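Student: Take a look at the following structure, please.
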Amino acid sequence: MIFSLAWRNVARSWQRSLVTIAAVATGLSALIFLWGFNDGVHNTMMRNLQQVIVGSVQIHHADFFKKSSLSRHMKLTPELQNALSKAQNSGQVKALSWRLETFALAAGNDVSEGLLLLGMDAKSEAKTTRIAEKVDQGRFLQAGDGPVCVLGATAARNLGVNLGDDVIFLSQDRFGALAADKFKLIGIISSGEMGIDRGLAIIPLNVLQNMLEMQGRYTRVVLQIAPDNLEAVTTLLRASLNHKDYEVLRWYDMYPMMKQWVDLENAFYYIFLGVVLLIVAAGIMNTVLMSMLERVREFGVMMALGCSRSVLAGMVIVESMILGALGVLLGLLIGLSLVAWFHSVGIDLSAEMDTIARFYIDPVVYTEIDADHLWQTAGSVMAAAIVAAFVPMWRVAKLQPVEAIHHV
Amino acid sequence: MFRIYMRLGLRNLLLYPMRTGLTVVGLAVGIAALTFLSAMNNGWLQNMKANFVLTQMGHVQVHAKGFEKSRRISDYMHATSEVDKALQNMPHIQAWTHRIRVSGLASAAGANASVLVSGIEPENEKKVSRLYGFVQQGEWLRKADKRGVLLGDVLAERLSVGLGDKVVLMAASPEGDIASEVFRVRGLIHSGVLDVDNLLALVPISMARDWLGLGLEGAATDVVIRADAFTSVDGIVKNLKQRLDTHDFEVLRWQEIDPMAEQWTMFADVYTWIVLLVVIIVVLAEVLNTMLMSMYDRVREFGLMAALGTGQGQLFAMVVCETLVLVAMGGVLGFVLGAAASLYFAEYGLNLSQYATAFSFMYMSPIVYPELTLNGCARILIAAMVGAVLAGIYPAWKASRLNPAAAMREV
């Protein structure tokens, strides 16, 4: 009964109800759009970081990440094999690749430069990361390549070498002896990311293993995992690998700034969520309060006829809930359509800003929204609608029938 | 005439204190949040710019022509005396120093890592960059101690070396030969900036000259200049370009050396605009809501006014003015609140240390001091006022279109 009464009140002053619903819907859809933009930027950043070269999770010899040296390498032990196959059998690992790396001095035409010399397996790397797509001159490594290398664009420029030129890499092998070899430059990477373009040389894994006397030895296993499965796989790997011998690091354990940045910006969005909620709540309160004040005489009559205060109070709350729910539904509809539209079309900000390669930010933003952000927002708007009804409800509960009937 | 509309508007608003109050609160919260956000944004962007430039880079650098692009040590300045002469007595310059910059390889007891070697003048460097303040362990370089080296702390950890340990630095000389030299770690640097902590090795410039065979006294790759303020940078660059032969030298502003800070500022700007836009839309939807409701409420009143001879234009103006008064009330309150919060935190700082890594990556200190600027406030004010007029037009138009006879009959 309370519901049908409330519904009739909402429908009776439909113009006012419509205005309120529209205001709630505007607030919610605006918030959804903001989240869409925010999550779009953030998820692209995080995805790019993982997909270009870092991967989602890496396994190293313990302490390798902080103190990389060839002595902290891994072999394919039964323990590691077992852990990896467990992870792969869970179906949550998209792909993995093995890498070996060391620092080397590269010498080109008259100049030399300190670089990270990275051994990659062309076949498995192609499935794991998108580094091959970033080659813009020449080609990436292929299975069966001999002594060839791919350089970052800045490194190649600094060394003064072009495709087809020879580059000499000078390093130390596992026993500390000098190791030097000549490689033919077959590809140049322009990723826009300074670390990659300036400091990286990629050569075939087996060639590097031979050069460093590291046959069958690796420094990193790189796994590509969907964001939803990241934690589960990490836990599984950590459980099956002895932490004295291995470290299992998520991308944000290795590069915490991006994650922190995302958290910081999200914290800001929560503040704005609060602000918009307050505004929306004030709007709903306005409507419900006004419609209540208008009907003081009506309420008085109802009370005189034996309608209890709690029924009246309930009616006011339900009215507000109806307005809130309709507003939320409309807001979800509009907000999600906006997000979906800009997800396919993209928001082109290239007139206002450049690519910020260091953060993997593109000037065209494709909106997307995380489910938890969506439900939190919709839920809080709905909650605000209910909270907004407390003041009018409290006023109704205090009404005296006789005075109320005399109310003008 | 206008004053009458304003007074009417104000009176109508005061007639419903609850409704007006609620709307004003909503507006004020929105405007206050925007004001604070804009101040905060300015605060940390200023902070970032200053840190970005003063950590290492300087406001302006002079190199031999083409060095910035080639980064080849062979493109070095054989003598910086010409640059020094040009800088002498130039206004707005706080200090300058010389450096030799070369990338190379560091190795110590089995571990090696790539490094950016920077040969510096220990005394002058203190006046130009903040590197001196970042020494965390050990001590700053001494001129007499030719084999001293300061390492970034992450780099040192990677090499597993500490104070007093030996490190071999290898780099190419201008002729292309690989030159290596033994140094002893005298201190560790921690700045929070990746490029410094992970890569940097500081050695005395005189040693760098000998080691890399740059021989001559006065040879350097960079002249690094610290200006007295960001606003002086353009003037200094212009001045230098006049005094120096641009066939031999390049004069670069900080933005040209690394555009990252500039890009980030643009990005933050776009972000703030989008938030501003969305919040203003929400606030104005709220104002529209209030005005429409108050209009529906007063249909009879409007009908009566129209019957008494108030013209359509006058009714229209009255409602628009009412909206303006409403937004102005909320706006003023919001500005006061937002400005108060900004000024409070400008004094005491807003501690966001839990995000310290992100901040230091962005060259920012995690204690943010908001900075209220006229520009930021004007942007919000104009957006709110334009929006207010837009939000007022529809109710005003509806009110002016009422049929007096029908309106008066409305219950």
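Student: Identify the residue in the range A:247-265 that is open to solvent by less than 20 Å² (accessible area, probe 1.4 Å) and more than 8 Å from chain B (Cβ to nearest Cβ) and, among all such residues, is nearest to residue A:81 (Cα to Cα).
Tutor: Top of the filtered list is A:248.
Student: Examine the range A:38-53 for a residue that is under 26 Å from residue A:331 (Cα atoms), within 11 Å of chain B (Cβ to nearest Cβ), within 21 Å of the chain's Cα centre (by Cα) and in contact (Cβ under 8 Å) with a residue 40 or more places away in the chain, and state whether such a residue exists. First the steps, then the outcome.
Tutor: So the first thing to find is which residues in the range A:38-53 are under 26 Å from residue A:331 (Cα atoms), and the list is A:38-44.
With within 11 Å of chain B (Cβ to nearest Cβ) added as a condition, the list becomes A:38, A:41.
In the following step, the residues that additionally are within 21 Å of the chain's Cα centre (by Cα) were identified as A:38, A:41.
So of that shortlist, the ones also in contact (Cβ under 8 Å) with a residue 40 or more places away in the chain come out as A:38, A:41.
The answer is yes; a qualifying residue exists.
Student: Moving to a separate point now. Regarding residue B:181, is this residue modelled with pLDDT under 90 and either among the hydrophobic types (A, V, I, L, M, F, W, C) or in the same structural domain as residue B:101 (by TED's automatic domain parsing) (or both)?
Tutor: No.
Student: Filtering the range A:332-352 down to residues that are away from chain B (no Cβ under 11 Å) and of a type in the set (Ser, Thr, Tyr), which residue is farthest from residue A:34 (Cα to Cα)?
Tutor: A:344
Student: Name the single residue that is nearest to the other protein chains (Cβ to nearest Cβ) among those in the range A:100-138 being within 26 Å of the chain's Cα centre (by Cα), crowded, with 17+ Cβ neighbours inside 10 Å and of a type outside the set (A, V, I, L, M). Before you say what the answer is, go through the steps one by one.
Tutor: Here is the first cut: in the range A:100-138, the residues within 26 Å of the chain's Cα centre (by Cα) are A:124-135.
Checking which are crowded, with 17+ Cβ neighbours inside 10 Å leaves us with A:124-126, A:128-129, A:131-132, A:134-135.
Okay, now just the ones that are also of a type outside the set (A, V, I, L, M), so A:124-125, A:128-129, A:134.
Values: A:124: 26, A:125: 22, A:128: 24, A:129: 21, A:134: 20 Å.
For the range A:100-138, the residue satisfying everything is A:134.
Each row is one residue, and each column tells you yes or no for (1) touching a residue at least 12 places away in the same chain (Cβ under 8 Å); (2) in the same structural domain as residue A:11 (by TED's automatic domain parsing); (3) open to solvent by 40 Å² or more (accessible area, probe 1.4 Å).
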position: A:313; (1), (2), (3): yes, yes, no
position: A:318; (1), (2), (3): yes, yes, no
position: A:321; (1), (2), (3): yes, yes, yes
position: A:324; (1), (2), (3): yes, yes, no
position: A:327; (1), (2), (3): yes, yes, no
position: A:337; (1), (2), (3): no, yes, yes
position: A:359; (1), (2), (3): yes, yes, no
position: A:362; (1), (2), (3): yes, yes, yes
position: A:396; (1), (2), (3): yes, yes, no
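Student: Something else now. Looking only at helices (runs of 4 or more DSSP H) that lie completely in the range B:1-96, which have at least 1 residues being within 14 Å of chain A (Cβ to nearest Cβ)? Let's see the steps before the verdict.
Tutor: Numbers: elements: B:2-15, B:17-52, B:67-70, B:81-87.
Counting at least 1 such residues, we get B:2-15, B:17-52, B:67-70.
Student: Taking the range B:358-411 as the search range and keeping residues that are open to solvent by 50 Å² or more (accessible area, probe 1.4 Å) and of a type in the set (S, T, N, Q), which one is farthest from the chain's Cα centre (by Cα)?
Tutor: The residue in question is B:403.
Student: Also, I was wondering about something else. Residues in the range A:10-46 that are surrounded by fewer than 20 Cβ atoms within 10 Å (Cβ to Cβ) and not hydrophobic (A, V, I, L, M, F, W, C): how many?
Tutor: Here the count works out to 5.
Student: Right, residue B:232: on the phi < 0 side of the Ramachandran plot, open to solvent by less than 40 Å² (accessible area, probe 1.4 Å), modelled with pLDDT under 90 and assigned by TED's automatic domain parsing to the domain that holds residue B:104 or not?
Tutor: Details: on the phi < 0 side of the Ramachandran plot: yes; open to solvent by less than 40 Å² (accessible area, probe 1.4 Å): yes; modelled with pLDDT under 90: no; assigned by TED's automatic domain parsing to the domain that holds residue B:104: yes.
No; evaluated as a whole, the condition is false for this residue.
Student: Give just the number: which of (1) surrounded by fewer than 20 Cβ atoms within 10 Å (Cβ to Cβ); (2) in contact (Cβ under 8 Å) with a residue 24 or more places away in the chain; (3) part of a loop (DSSP other than H, G, I, E, B) does residue A:214 not satisfy?
Tutor: The one condition residue A:214 does not meet is (1).
Student: Mind listing whichever residues of the range A:272-302 are surrounded by fewer than 16 Cβ atoms within 10 Å (Cβ to Cβ) and within 7 Å of chain B (Cβ to nearest Cβ)?
Tutor: Matches in the range A:272-302: none.
The values are calculated or read from the model by the stated rules, or taken from the named source; none is laboratory data. Small disclaimer: the values here were computed from a predicted structure and weren't measured. Positions of Cβ are generated from backbone atoms using ideal geometry, with glycine treated the same way; all protein chains shown enter the neighbour counts. Accessible surface areas use protein heavy atoms only, side chains included; no ligands, DNA or RNA. Shrake-Rupley method; radii C 1.70, N 1.55, O 1.52, S 1.80 Å.
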